[in-house]
Each structure stands twice: as structure tokens, then as C-alpha cells.
Protein chains: 2
Amino acid sequence: MAAKSTSFDLNRFLATRTDAVNAALDRFLPSEKTKPATIHKAMRYSLFAGGKRMRPAVLLAAAAACGGSEKDAMPLACAVECIHTYSLIHDDLPAMDNDDFRRGKPTNHKVFGEGIAVLAGDALLTQAFEIAAQAKGWPRYSHRDLVLEIAKASGSLQLIAGQVADVEGEGKKTSVAQLRYIHERKTSALLCCSVRLGGMSANCSPAQLKALTDFGYNVGLAFQVIDDILDVTQTSEQLGKTAGKDVAVAKATYPAIVGLEKSRKIATQLTDKAFASLKTFQGRAVALEALAEFLLKRDK
Amino acid sequence: MAAKSTSFDLNRFLATRTDAVNAALDRFLPSEKTKPATIHKAMRYSLFAGGKRMRPAVLLAAAAACGGSEKDAMPLACAVECIHTYSLIHDDLPAMDNDDFRRGKPTNHKVFGEGIAVLAGDALLTQAFEIAAQAKGWPRYSHRDLVLEIAKASGSLQLIAGQVADVEGEGKKTSVAQLRYIHERKTSALLCCSVRLGGMSANCSPAQLKALTDFGYNVGLAFQVIDDILDVTQTSEQLGKTAGKDVAVAKATYPAIVGLEKSRKIATQLTDKAFASLKTFQGRAVALEALAEFLLKRDK
């Protein structure tokens, strides 16, 4: 795959957007001193644990591709990051994936205890909707649409369904079709939702929303395939979380089912599909293209 | 306190509203067969475990007091019940209150395991916003207002703050002021939110909303004081949940701090305050009045 965006400075884009998202999250979240302090410390601990802000980044890039402003997109970018962080806190719990480290730091329940970790996840999920409600609405995309978009992508048919299927699939034989079902929900749903929300914040056309949906769906799947690959090929130190975990718990992954080489090929094919759906933006989706390339080439 | 609503058939009101709320919840929630079946079974297990539907009842009664329709209020009634049920599932977890029984049945995690119980709570919380987004909006009370209302009442400054303070307060000396702080958040916030949402669904006047807010706040506090009293005075069989639990874990309660008689007096005073705020409805708030009486006189 040839580089498609050599003139675009992705590092600068990511650094500036991460700073802007962090500053906005800091404004939206109650301070660490706000009573009860424990819950706000716990929420902020995971929210500011050095996440890649990939979902906010694709959301802001999608808004830019549709001619929207960062200001209009930012509340939604913060909302999806709250959703993502809540899902990580709950996934890491002993009753679920039982992970001790995340992003190179002890997981939320290792620091604050299980009870507060459950509540911190609950609070971030709730906060996501409070923040989303503060976004700008349009006649075409009302607050009702924005809330429905987030609730559906995060609900029992999508994000949560992925986690359930993931937990229930451990140790069982899984087909490629089942694995795709899990990946669509576990990762693609919220990434696709992020891209769509970016477009919606920019009052995009229905055709643009369709293109963004296809893009988000395929990039989301590619992202998860690569996550599976990295779990096999990288060390815990490189990843900042426990490597080899998927193999240890016999979790269904692409490398486990179709092998490493075929997994890499699938990731590339998905990314190519994603690129194809950006043609309609006629060069205005440079940030999205650069992000897709980055997601495919990342090593952690 | 004299009976204020002898002509109103509260039992009939509660029975018909409970049936209507149950039917609406059944329509809003994915069926038990919807994949992944486990999560939808778990969500429905707790949602249809015989709850009193007190929050939907006050919401529908508030809507009626403002001349609104049950149809317009129903999505919001279902949303608050989803929030209430999610909070019970998570509160019962071993990492929190560690309760084995709720409403006379084994708690969610006893039936489905802790991992699914966490996810079922998450899913109901998310579902609440999906359902609320389907309510009717008004120029005065938009979807943005409705979502903010629910998110704030359920968030880290209210409902979740109450649970945090409750957990952190166990075994510690608690003042009456601290206890009121906990009760305001743990119970009053969502009850007050329910009453307000009922008014908002009926496009109520700002004066009506103020009256409903005062009513909800005081009834919510009274409700929790009575819960504390019943924990001391009733058996597990009568309550359908573990009685004496508060004493066993040295939880701060009104009877523990001010004694049983004073607790009863406080509950009556709060209910009287609630009644006073309904005067503005000039007799059209019969259902709300009857509900307040019922909440004070209940024995389980």
C-alpha cells in the first residue's frame, strides 16, 4: 500500500488534537477535589492515563473532512472518549478480563478497589451523555440523533454485546464469522460511531455520512485485527499492557484462527476498503487517510 | 396527618400504571432471544423482578398533575426505571453491598455471575438514554434538557455520589448532615428527577416545575428515611431482601443516629413539606398526593 498522505503532518495533528481533547475533558469533568473526591479521582485516573485518543482523533478528522469546526465536534469527541474509558475500566475488572495493567499503569480497580472502579465506569458512561447533550445540534442532526447514535453504539446490541461474546467465547472454538461479529461490536461500533458523529457535528450530507460509516466500520475492524496481531508479536513493555494475554486465556483472535500472515493481509484489505470510501471527499479527508495508515502501521 | 385523597383509588392507579410501564419496558428492551441472549436475559431478569415502579408512578402522576398524557411521559418513565434497576444491580455486587437477595429473588450476579451483572447494569444505563431520546421533545424542554436531567441526577455528583459516600461511610461515625447528603443523592436525586421529567413531558410551566422539584426532593428524602426504618423493624421475609443489613455492616441510618421515633417524625415532616408544595396544583395532583401518603405508610 502506497503512502497516501505524505504532505500531511499526522504527528502534529495527533499531538495538537490530543492536547485539545485533554483540555476539553479537563473542563467537562468535575475536578479531583469535587466531593466525593474518590470517584472524581478514579474517573480522571483512567481518563488521563495516556490513552491514544484515537476515537476523538478520527471524530475530529471526520468533522474536518466535512468542513466542520473543532469547537462543534469537541463535546462529542470527549463523549466517545468517556465511553471508551468506561468500557476499559469495566473490561479490566477481575470478573471480566482481570487485567492488572493498562497503558503501562495499574488498572483502575488495582488503585481504587473494585467497588469504586465499577462506579467510576458508571460515572464516565453517564458523563458521556451529559457532555454529548452540550454539543451543538442541527436541524438534520438533533440532540436526539446524537444521543441515539452514542447509546446504540455503546448498548447491548453493539459495544456491550462484543464484550459479552468475547467473555463467553473464551476457551471455546470460534469461527471467523463469530470473530468478526465480536470485532464489529467490540471495536468497530464505537469507532464507526465516532467517525459518524464527526460528520454529524459538521452537518454533513447523507452521502458523506454513508462514506464515513463505511470508513469507520472497516477501520474499526482493521484496528482490532491489528490489536490481536500485536498481542502475539509484541512484549508487555512495548504494549504498556499484558502481552500474550489472548493466547494465555485461549481468547479467539485472528492470528489464532487464520494465522499471522493471513491476519496481516486481512488488516491491509480492510484499510484499503476504508481508503476507497474516502474518495467522495476528493482530497479533503487527508487527516482521516493519514489516521487509517497510522492505525495499520502502529506497533503498540 | 389526615388522609388527603380518600376519593382517589391509588391501588388501581398503581396497578394500571405498573402494567402499562411493564408493557412499555417490554417493547423498549430487546427480547430475551436477541443475540447475545445472556445480556438481554440478565437485563430483563432484574427489570422484571417485581419492582414497585415507584419512580415511573410518580413521573406519570406528575405528568397527569400538569395535564400531560401518559403516552408522552412513558418513555421517560421507562428510562428512569432502567436507571434505578442498573443502580440496584451494581449496588448488590460483592464489591459493593454484597447482597444475595433483592425483591425476594437472588440478585443478578448470583444468577448470571459478576461479569454479566456488571455488563447488564451498563446496558440498562445505556438503554435509559436510548429510550429517553425517543420521548417527545418540546420547545421549552428539548431532548437536550431531558438527557441532561437524567445524566445529572444519575451522575457522579448525585446518584453515584450517594453510593460512593454510602460505601465510604460504612463503619464510620456519620453526622445527620452527612446522612442527609447521602440520602439526597442516593434516593432523592432520581425521585426528584422522575417528578420533574413528568412535568417536563407535559410541557409544564416553570412554576409547576419548581413545585414538582420541591415535592420530589422531600418525598425522596422521606422515602429513604422510611427505608432505613423498615430495615430495623421488618423481617427479611416481609421486605423481600436481607433485613437488618444496615445494622450488620454498621451503615449510617436515621434510626442509628437519631433513634426510631425521631426518624418517624422526620419522615412525617418531610412528607408534610412535600404536600405543601402541591398546593399550586389546586387539587389536580391527587395521584401525587396519594403516592406520597402511600410511601409514608408502606411497610415494605
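General observations
- Copy-to-copy label separations for B:ARG140, where each label sits 7 Å from Cα toward Cβ, in nm and ascending: 3.3
- Global form of the range A:10-297, assessed from the alpha-carbon gyration tensor, a/c cut-off 1.5: oblate
- HN-Hα J in Hz across the range A:279-293 - Karplus 6.51, -1.76, 1.60, θ = phi - 60°, x for Gly and Pro: 4, 4, 7, 6, x, 8, 9, 4, 5, 4, 4, 4, 5, 4, 4
- Between the beta carbons of B:VAL258 and A:GLU70, assuming R0 = 51 Å, the FRET efficiency works out to 0.40 to the nearest 0.05.
- Surrounding net charge for B:GLU32, when Lys and Arg each add one and Asp and Glu each subtract one, Cβ distance under 9 Å: +3
- Label-point spacing at A:SER175 relative to the other copies reads 6.5 nm, in ascending order, each point sitting 7 Å out from Cα along Cα→Cβ.
- Near A:LEU159, once Lys and Arg are set to +1 and Asp and Glu to -1 for all other residues with Cβ below 14 Å from its Cβ, the sum equals -3.
- Shape analysis of the range B:16-101 places it in the oblate category; the axes a ≥ b ≥ c from the Cα gyration tensor give an a/c of at least 1.5, with a/b not above b/c.
- In loop segments of the range B:33-124 as defined by DSSP, the chymotrypsin sites (Phe, Trp or Tyr not before Pro) with at most 13 further C-beta atoms inside 10 Å of their C-beta are B:PHE48.
- When chain B is treated as a GNM with alpha-carbon contacts under 10 Å, the residue of B:LYS210, B:LYS251, B:LYS172 showing the greatest mean-square fluctuation is B:LYS172.
- Nm distances between copies for B:GLN234, ranked from closest, using label points 7 Å along Cα→Cβ: 5.4
- Near-label residues of the range B:181-214 by backbone N, under 14 Å of a point 7 Å along Cα→Cβ of B:ARG140: B:196-213
- Short-range pairs are left out: with C-alpha atoms under 8 Å and at least six residues apart, the relative contact order of the range A:10-297 is 22 percent.
- Amide proton proximity set for A:PHE101, modelled H, under 5 Å, gap of 5+: A:THR107, A:THR242
- Footprinting exposure proxy for A:ASP19, B:ASP97 (fewest neighbouring C-beta atoms within 10 Å first): A:ASP19, B:ASP97
- For the protein assembly as shown, calculated [θ]222 nm from helices alone, where every DSSP H run of n ≥ 4 adds -39500 (n - 2.57): -21500 deg cm²/dmol
- For the range A:16-77, trypsin sites (Lys or Arg not before Pro) are listed when DSSP marks them as loop and at most 13 other Cβ atoms sit within 10 Å of their Cβ; the list is A:LYS33.
- Exposure proxy for B:ILE182, A:ILE229: other Cβ atoms within 10 Å of each Cβ, ordered fewest to most, give A:ILE229, B:ILE182.
Bear in mind these aren't lab numbers, they're just calculated from the coordinates by the rules spelled out. For clarity, every value in this text was computed on a predicted model and none was experimentally measured. Don't worry about glycine lacking a Cβ; one is built from the backbone with ideal geometry, like all the others, and counts go over all protein chains shown.
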